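Below: the structure, in structure tokens.
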Amino acid sequence: MSQHLKTKDDVFAAIDKHNVRFVRIWFTDILGVPKSFSINTSELEGAFDEGMGFDGSSIKGFARIDESDMVAKPDPTTFQLIPWRQQEKGVARMFCDILQPDGKPYEGDPRYVLKKNLARLNEKGYTFYVGPELEFFYFKNDQGTEILDKGGYFDLTTLDAASDLRRDTILTLDAMGVDVEYSHHEVAPSQHEIDLRYKDALTMADQCMTYKIVVKEVATQHGYHATFMPKPIYGQNGSGMHVHQSLFKGSKNMMFDASDSYHLSEEGKQYIAGLLKHAPEITAVCNQWVNSYKRLVPGYEAPVYICWARRNRSTLVRVPMYKPGKENATRVEFRSPDPAANPYLCFSVLLAAGLAGINNKYDLPTPIEKDVYHMSDAERDKLGIYSLPGSLVEAIHLAENSKLLREALGDHVFENFMASKRIEWDNYRMNVSEWEIKNYLPLL
Ligand SMILES: Nc1ncnc2c1ncn2[C@@H]1O[C@H](COP(=O)(O)OP(=O)(O)O)[C@@H](O)[C@H]1O
Ligand SMILES: [Mg+2]
């Protein structure tokens with residue numbers, strides 16, 4: 001049964017009640033790779049007061065060897081039992097904030113980066129809500145892309161071999177306090193989606209990490225491998241992470257305006273305009289791997305062209321149709337991110353782009369309700385429709401000159417992230433791929 005705790009005293013009470021012996025401290029490196037170390041419950045009092053020291057120099061993008069002392073301070077509101085580790089003595093987990101030995105927040109901590117960006121919103125008294133749709137594949141193992149089924153979109157029965165896997169995954173997510181709305185087979189064979197109910201951005205970033213860890217854990221328990229690799233199979237749809245977003249003031253959705261023809265407020269429109277204008281420079285964070293760009297190609301539902309619409313799913317930004325009485329569901333869907341992004345950084349840069357639109361009162365271009373994929377280049381040019389970066393190196397070049405990105409990430413994460421991506425691109429660029437061998441060796 002999931003916990004909804006607030007204070008450290010709540011945590012101590014739950015530890016007694018569930019006979020918990022170990023607490024796993026969860027956090028991520030700058031690329032969103034989950035990291036964890038386990039502490040004894042007897043150490044928890046100290047961990048809550050001063051934090052737990054650890055060597056940050058081995059964490060990607062964290063500290064150099066000469067400034068490696070880091071402190072992990074657990075966040076009691078994230079306490080949950082780990083369902084697959086409940087034996088005689090229980091095991092629980094808490095996300096933590098990374099601090100410097102002097103207690104100041106650590107600039108390199110992705111969770112702190114998101115908190116900083118959310119603090120900018122609080123000045124306006126707004127709350128940023130996020131609903132991401134993470135898609136993933138199940139394969140026989142992590143050595144290849146042997147599929148479990150030949151199912152397609154919303155397929156059922158034998159064509160959906162993984163429905164037991166999805167069921168167990170949803171039950172485990174439920175037990176860890178992650179609200180699931182629904183789940184289904186996706187377009188590609190062996191591809192699935194489990195939809196989460198939207199939450200405030202920090203809670204949702206934590207839940208995205210829990211989601212990825214649980215999906216992989218349950219797949220392993222069933223003897224399979226789950227992956228959030230953006231494009232594992234050439235010629236099939238890739239895995240995306242559409243990010244639905246809205247801004248509320250208290251219980252009022254600030255993106256909604258009943259009198260507007262799109263039912264969008266001025267701020268809602270400016271937020272979309274900010275996403276469109278800054279999409280090229282934030283793409284390196286939303287699509288951070290070389291493989292991410294094998295998905296962002298025409299013909300597979302993944303967006304390539306920078307424009308918006310309401311019904312049209314070929315555009316980068318979509319505003320789902322307004323349903324009377326459903327004002328609170330007014331939202332903006334940004335469709336290019338993939339589930340291999342670091343959710344803390346991805347939500348930070350999306351918010352920064354949207355807020356730039358509001359703060360600078362950007363004008364919203366006309367929506368494109370036609371299928372953008374089937375337009376000619378000339379037609380797109382005439383409509384001022386540009387493309388997202390077509391490769392990681394293009395995205396790096398756009399990102400490294402971005403003032404908005406440097407401000408959103410902070411100098412430490414910005415520099416380390418860019419350095420890590422340049423190395424990744426170089427390694428890829430120097431690699432002689434199977435495709436080259438197959439196409440060039442017989443010919444040249
Ligand atoms: N006001 C809102 N702000 C942010 N996300 C929202 C809001 N209302 C609904 N959502 C979320 O939007 C997502 C919609 O997902 P889904 O129905 O799969 O969309 P799609 O039509 O793109 O397939 C869900 O995660 C839902 O919780
Ligand atoms: Mg969607």
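The values are calculated or read from the model by the stated rules, or taken from the named source; none is laboratory data. This one's a predicted model, so the numbers in the text were calculated from it and none came from an experiment. Don't worry about glycine lacking a Cβ; one is built from the backbone with ideal geometry, like all the others, and counts go over all protein chains shown. Just the protein is used for accessible areas: all its heavy atoms, side chains included, with ligands, DNA and RNA removed. Shrake-Rupley method; radii C 1.70, N 1.55, O 1.52, S 1.80 Å.
Observations on the structure shown:
- When the range 422-438 is filtered for residues that are within 21 Å of V393 (Cβ to Cβ) and assigned to a helix (DSSP H, G or I), the ones remaining, listed by number, are R422, I423, E424, W425, D426, N427, Y428, R429, M430, E434, W435, E436.
- Subset of the range 328-346 (residues that are within 16 Å of ligand 2 (Cβ to nearest atom), over 22 Å from K294 (Cα atoms) and within 16 Å of the chain's Cα centre (by Cα)): V332
- For the range 32-42, the condition holds for no residue, the condition being that it is touching a residue at least 24 places away in the same chain (Cβ under 8 Å), crowded, with 19+ Cβ neighbours inside 10 Å and of a type in the set (A, V, I, L, M).
- Residues being within 16 Å of ligand 2 (Cβ to nearest atom) and under 24 Å from V413 (Cα atoms) - total across the range 253-286: 2
- Residue in the range 236-252 that is under 30 Å from K150 (Cβ atoms) and away from ligand 2 (no atom under 16 Å from the Cβ) present: yes
- Lone unmet requirement of (1) within 16 Å of ligand 1 (Cβ to nearest atom); (2) in a helix (DSSP H, G or I) for G357: (1)
- Here G90 passes the criteria (1) open to solvent by 10 Å² or more (accessible area, probe 1.4 Å); (2) in contact with a strand residue (DSSP E or B) (Cβ under 7 Å, 6 or more places away or on another chain); (3) at pLDDT below 95; (4) closer than 25 Å to S2 by Cβ except the one numbered (1).
- Output for the range 300-327, where each listed residue is more than 16 Å from ligand 2 (Cβ to nearest atom), closer than 22 Å to W289 by Cα and of a type outside the set (A, V, I, L, M): Y305
- Failed condition for I385, given (1) within 29 Å of G32 (Cβ to Cβ); (2) crowded, with 17+ Cβ neighbours inside 10 Å: (1)
- All positions within the range 228-265 that are closer than 14 Å to E193 by Cβ and open to solvent by 20 Å² or more (accessible area, probe 1.4 Å): N237, H242, H244
- For the range 206-225, taking the residues that are open to solvent by less than 40 Å² (accessible area, probe 1.4 Å) and in contact with a His (Cβ under 9 Å, 6 or more places away or on another chain), the one that is nearest to L196 (Cα to Cα) is identified as V215.
- One residue from A395, A378 being at pLDDT below 95, among the small types (G, A, S) and either farther than 20 Å from Y112 by Cβ or open to solvent by 60 Å² or more (accessible area, probe 1.4 Å) (or both): A378
- Scanning the range 32-48 for residues that are within 30 Å of F417 (Cβ to Cβ) and out of contact with any helix residue (DSSP H, G or I) (no Cβ under 7 Å at 6 or more places or on another chain) yields V33, K35, S36, F37, S38, A47.
- Selection status of Y344, exposed (fewer than 12 other Cβ atoms within 10 Å of the Cβ) and either within 30 Å of P105 (Cβ to Cβ) or outside the structural domain of N312 (by TED's automatic domain parsing) (or both): no
- Residue in the range 370-378 that is of a type in the set (D, E), under 18 Å from R318 (Cα atoms) and free of Cβ contacts under 8 Å to residues at least 60 places away in the same chain present: yes
- Tallying residues that are of a type in the set (D, E, K, R) and open to solvent by 50 Å² or more (accessible area, probe 1.4 Å) within the range 134-154 yields 4.
- Within the range 110-133, at least one residue is open to solvent by 70 Å² or more (accessible area, probe 1.4 Å), more than 30 Å from S190 (Cβ to Cβ) and at pLDDT 95 or above.
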